[in-house]
Each structure stands twice: as C-alpha cells, then as structure tokens.
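Comments concern the structure below.
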Amino acid sequence: MKFFRTKKPLKILFIGSEAAPFAKVGGLASVMYSLPKALSRLGHDARVMIPRYLSIDPTQYELSMVREHLKVPTKNEKGESHLICNVKLFTPKKDEDPVCTYFLENQEYYEQRANVYGYMDDPVRWLLLCRGALEFLQTSDWKPDIIVGADWQTGYISNLLRTEYKNSTVLSKVTSVLAIHNMYHQGMFDHKFVQEMDYDDGHSMLPALEDPRLNKINALRRGIMHSDAIVTVSPNYAKEILTKEYGEMLDELLRERRAVLTGILNGIDYDLWNPENDPYVAHHFDKNNLEARTKNKKELQERFRLNVDKDAFIVSIVSRLTRQKGFDLLYPIMDTLMRELPIQFVVLGEGEGDLMGFFHDLETRYAGRVATHLKYDPVLPHIVLAGTDAVLVPSRFEPCGLTQLEAMRMGAIPIARKTGGIADSVIDYNPNKEIGTGFVFENFDSSSLMIAFIRAFENHRSKKQWQELQKRAMEEDFSWDSSAKKYTEFFERAIVFHNRNQQK
Ligand code: GLC
C-alpha cells in the first residue's frame with residue numbers, strides 16, 4: 001500500500017529566498033528555476049514560493065491573487081498581533097516559463113525592499129516567509145506532499161512543523177526537506193564567533209516573529225535538526241560537511257543525521273545553455289564544429305575592448321566575487337602571470353569591495369589585456385563562455401558550483417580547485433591517458449593555482465589536443481534530467497522517514 005502511495009507523482013513545494021527569473025543573486029536562483037521544471041517533466045507537480053520583492057513586477061508576470069489578507073501570527077512590543085500578507089501566483093504559459101510560483105506579499109518586509117538580502121531584520125523576513133507559507137498551505141486547495149526549503153533562510157520550517165503545527169491535519173502529513181546550498185551562512189551572526197550565552201542549541205521554542213531573540217537563532221542548525229531529510233547539492237559536499245574543515249561547526253550534528261543526508265549533483269538547464277542555438281551567442285557551434293568558437297572569441301575581445309588576437313589565451317571569471325570563490329589566490333601571482341604569459345583576462349561578477357578593487361586596478365594597468373564587468377548580468381555569461389578558452393574556479397569551498405558546468409557545456413575549460421561539487425564534475429587532464437575535462441589543483445594556495453594555470457596555458461598551444469579536451473568537456477552530461485530522477489528517489493525515501501517520525 002505504502003509502496004503504491006510513494007510511487008505516485010509527488011506534489012513538491014520549493015521555498016526559498018530567490019528563484020530565477022524573478023529574483024536572482026546567485027546559483028540558488030538557477031536551481032530554484034530548473035530543478036522544479038525538471039521534476040515537472042518527470043510528471044511531478046513541483047511549485048515554488050518566494051517573497052515578492054520590490055523588483056518583481058506583478059503586472060509584467062501577470063500575477064493573480066490567490067489569498068488576500070492572510071494573517072500571520074506575530075508578537076511584538078505591543079503583544080500578540082498579526083502581520084497581513086497576500087499570496088499571488090504566477091502561472092506558466094509557455095514551455096520555457098518557470099513552474100507555478102507563489103509570491104508572499106508584505107508591504108513592510110518585502111514590497112518596500114529592493115534587495116533580496118542584507119537587512120538588519122532579515123531573520124524576521126525569512127521567518128515570515130516560512131510561517132506565511134505554512135499558514136497559507138493550511139487552507140489552500142493545493143497541498144504539497146513535500147516542502148523543500150533552501151538554506152538557513154528556511155531552516156525554521158521543519159522546526160515549526162515539529163512544534164506549533166504538529167497537530168495540524170494538513171501540515172502533519174507534509175514531509176520536510178532541507179536543501180543545503182551553502183553551509184557558510186547560518187543566520188545574522190558569524191557562527192564561528194558566537195558567545196556561549198548566545199549559543200543556540202536548537203531545542204528551545206522558536207521565538208515569535210518580531211521577537212528580538214530571533215536574531216540569536218541558528219536557523220541552519222534548526223533545519224538540520226528537525227527536517228525529515230537533508231540534501232546537499234553534490235555528493236562530495238555531502239561528505240565534506242561531515243568534517244571539521246567544511247562542517248562550519250555543524251559537522252557533529254550532521255554526523256548524527258548522516259542517515260538522512262544525501263548529496264545530488266546540480267544540473268544546468270540545457271535549453272538555456274545550448275551552444276547550438278543560444279540566442280545571445282553570435283556564432284553557434286557544437287563539439288564537432290569548434291571553429292565557429294574562434295569567431296566568438298573575436299566578438300568577445302571586441303566587446304570587452306581587449307586586443308583582438310586569436311592566439312591569445314583568454315581566461316575568464318564568471319562568478320560572485322566573494323571570499324568563498326578563492327580569487328584572492330591571484331593576489332600574489334597575477335602580475336607574474338601577466339608578465340610571463342601572453343594571456344588575456346575577462347572578469348564578470350559582483351561582490352566584495354577588495355576583490356572588485358583588485359580587478360578594477362588590473363584593468364587599468366593592463367588595458368587591452370584585462371577587462372572587467374563588475375556587475376551581475378544575465379546575458380554576458382553566455383557571451384563570455386562562448387568565446388573564452390578557460391574559466392577560473394579556484395574556490396575555497398564549493399557546494400556544487402554551476403560556472404564550471406556551464407563552461408564545459410560551452411566548450412570553455414575549467415581551471416579549478418578540487419573541492420565540493422567541482423571534484424564531482426571536473427576530471428583532471430591527463431594527456432597520456434587522453435582523459436580529463438579540465439585542469440584541477442588540490443591545495444588551496446597560490447602556487448598550486450599557478451601550476452594548474454601554466455599547465456592549461458601550455459596545453460592550449462596544441463590546437464588539436466585542446467579541441468579534444470573541449471570535445472570531452474562538451475560530451476559530459478550535466479542536464480537536470482538524471483539529477484531529477486535521483487531527487488525523486490530521495491523524496492520517496494524522505495516520505496518514509498517522515499512517516500517513521502510521525503509514528504514516534
Ligand atoms: C550556492 C553554492 C554553489 C551552488 C549554488 C547552487 O551558491 O555556493 O556552490 O552551485 O548554491 O546550488
């Protein structure tokens with residue numbers, strides 16, 4: 001009986017802080033767009049819920065009102081009260097549209113905020129999303145079998161389900177999954193420097209919305225403790241976070257919960273990333289016709305005002321510019337690389353001031369050889385990856401990493417550090433065995449990066465070998481379809497865990 005039940009199509013609600021194309025800061029938004037779509041292709045009913053930020057225009061997306069005046073309980077200086085929210089719905093019309101997406105509206109916390117992150121009251125904003133979603137689901141016609149929350153922002157969900165909503169006839173049936181896209185962020189404080197008095201062991205009652213004690217709650221810890229099952233975005237990261245080095249002080253807890261923890265490699269959307277018909281790419285190509293790429297290289301050089309030189313080795317960065325990504329490894333070696341090798345550099349991304357300053361300074365000093373666009377852009381990655389020879393991904397840690405996957409699909413070769421999902425997706429080049437899809441280094445230090453860089457440069461000189469390498473990289477399958485099947489199996493296991501927990 002149970003077997004039959006778990007094999008029917010599932011109703012899955014993804015809840016998170018960002019989802020493309022509505023609100024995108026990083027890789028999370030891409031996954032929130034393409035994984036639900038891939039699951040829908042398998043016959044499941046997958047939907048998404050995010051807040052409606054100021055930047056999301058209800059008219060442009062033709063959002064319809066599905067719940068007006070949703071009362072979400074809160075407690076503030078004045079005592080018990082409510083926050084009033086609405087829920088609006090985006091309904092897909094074309095194949096390439098996102099799946100059905102719910103938007104939680106609240107004037108004060110979302111509609112007046114231009115950015116996704118970075119407010120002092122973020123914990124209230126995320127708890128409101130979690131509570132708002134649960135309050136909405138209690139009485140909505142559509143009821144999910146599974147809720148998948150993304151990262152610390154949704155860690156409150158499973159906690160609420162286990163406590164305040166545990167007797168709800170609707171919600172007690174819902175399986176809760178925490179998807180970890182990044183362990184580093186755990187709340188509004190630096191988890192590495194929490195004072196003993198402020199330490200959240202995860203067992204106390206969750207404070208009400210707008211209660212100042214909310215700031216001290218470690219929402220990621222709570223999500224890990226209370227979810228029925230946990231998934232991370234690559235198998236290797238799922239192993240790494242059990243160690244002190246990568247566990248961000250939650251490794252012990254994760255080791256306790258390892259029986260319900262799985263890692264599934266992210267995919268990329270093969271319709272969005274297709275060198276044969278990419279609307280942003282001037283000259284289409286495939287693995288057997290790589291000559292057209294040379295024309296894209298020229299386009300790239302012209303567009304970024306680099307010297308037009310078909311033999312130059314172009315290395316690009318397409319990334320958020322944060323400490324996680326490891327670009328500070330370039331600080332001591334960049335001038336040597338520029339001086340000794342005929343290379344060009346393209347930097348595309350936005351982030352921390354010191355990294356942006358470093359690249360901006362390089363651009364000034366090496367005009368014609370270094371070019372930057374230090375702002376997030378949805379189109380330029382396509383143009384860069386279709387023309388660059390290599391991409392640099394020297395991450396300190398990398399739960400999955402999407403750039404290396406997108407790069408390989410576009411015939412750009414990763415120079416990348418063997419960590420997290422990179423270890424699961426890039427194979428180090430070995431010319432003798434004729435294997436490999438990139439240049440991989442292990443130790444997080446500038447010399448190791450430099451050696452990988454020089455290996456890539458040297459091998460680029462042999463056109464034939466480089467093309468073989470590109471061909472192998474392009475032949476790898478990083479489409480969502482196989483990962484979506486793994487998610488289905490994982491969800492079926494999660495339901496079994498949930499049923500077991502309910503019987504306890
Ligand atoms: C986060 C991680 C990144 C991952 C992305 C999508 O941004 O840092 O490694 O690819 O989420 O899961």
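The values are calculated or read from the model by the stated rules, or taken from the named source; none is laboratory data. If you're wondering where the values come from, they're calculated on a predicted model, not measured in any experiment. Here Cβ is always computed from backbone atoms with ideal geometry, including for glycine, and neighbour counts include all displayed protein chains. Surface areas here come from the heavy atoms of the whole protein model, side chains and all, with no ligands, DNA or RNA. Shrake-Rupley method; radii C 1.70, N 1.55, O 1.52, S 1.80 Å.
Just order 96-103, 405-412 by mean Cβ neighbour count inside 10 Å, highest at the front, would you?
Sorting 96-103, 405-412 by mean packing, highest first, produces 405-412, 96-103.
Taking R0 as 30 Å, what's the FRET efficiency between residue 280 and residue 465 from their Cβ-Cβ distance, rounded to 0.05?
0.55
Which value in Å does the Kirkwood hydrodynamic radius of region 122-239 take, with 1/r averaged over all unlike C-alpha pairs and then inverted?
Over region 122-239, the inverse of the mean reciprocal pair distance is 14.6 Å.
Evaluate the distance, in nm, between pseudo-label points positioned 7 Å from the Cα of residue 170 and of residue 288 along their respective Cα→Cβ axes.
The two pseudo-label positions are separated by 5.4 nm.
Per residue, how much accessible area does region 150-279 have with a 1.4 Å probe, in Å²?
Per-residue accessible area for region 150-279 comes out at 44 Å².
Any idea what the dipole of region 396-504 comes to, in debye rounded to 20, about its Cα centre with Lys/Arg Cβ at +1 and Asp/Glu Cβ at -1?
It works out to roughly 100 debye.
Hey, any idea what % of the chain's accessible area is carbon plus sulfur with a 1.4 Å probe?
51 percent
Testing the spin-label approximation: label points 7 Å from Cα along Cα→Cβ at residue 434 and residue 55. State their distance in nm.
Between residue 434 and residue 55, the simple spin-label model gives 4.7 nm.
Rank by packing, highest mean first: peptides 171-178, 145-152, 335-342, with packing defined as the count of other Cβ atoms within 10 Å averaged across residues.
Ranking, from highest mean packing down: 145-152, 171-178, 335-342.
For residue 240, what charge total do you get from the other residues with a beta carbon under 10 Å from its beta carbon, if Lys and Arg give +1 and Asp and Glu give -1?
Neighbour charge sum, excluding residue 240 itself: -2.
Based on Cβ point charges of +1 for Lys and Arg and -1 for Asp and Glu, what charge dipole magnitude is obtained for the chain about its Cα centre, in debye rounded to the nearest 20?
With Lys and Arg at +1 and Asp and Glu at -1, about 1220 debye.
Residue 197 to residue 444: extension gain in nm, 0.36 nm per residue of separation minus the Cα-Cα distance?
Gain on extension, residue 197 to residue 444, equals 85.5 nm.
Give the distance, in whole Å, between the Cα centre of region 229-253 and the Cα centre of region 386-413.
23 Å
Suppose the chain between residue 8 and residue 253 were pulled fully straight at 0.36 nm per residue; how much longer would it get relative to their current alpha carbon spacing?
Separation in residues times 0.36 nm, less the Cα-Cα distance, equals 84.9 nm.
Using the beta-carbon distance between residue 42 and residue 82 and R0 = 45 Å, what value does 1/(1 + (r/R0)^6) give for FRET efficiency, to the nearest 0.05?
That pair, residue 42 with residue 82, gives E of 0.70.
With each pseudo-label sitting 7 Å past Cα toward Cβ, what's the residue 242-residue 94 distance in nm, one decimal?
Going from the residue 242 label point to the residue 94 one covers 4.5 nm.
If you take the charge dipole of the chain about its Cα centre, with +1 on Lys and Arg Cβ and -1 on Asp and Glu Cβ, which of 42, 358, 73 is farthest toward its positive end?
With unit charges placed on the Cβ atoms, the residue in question is 42.
Taking 8 Å as the Cα distance limit and 6 or more residues as the minimum spacing, I'd like the relative contact order of region 366-493 as a percentage.
It comes to 20 percent, rounded to a whole number.
In the chain, which helices (entire DSSP H runs) extend 20 Å or more along their own long axis, judged by Cα positions, while averaging at least 0.5 on the Kyte-Doolittle scale?
none
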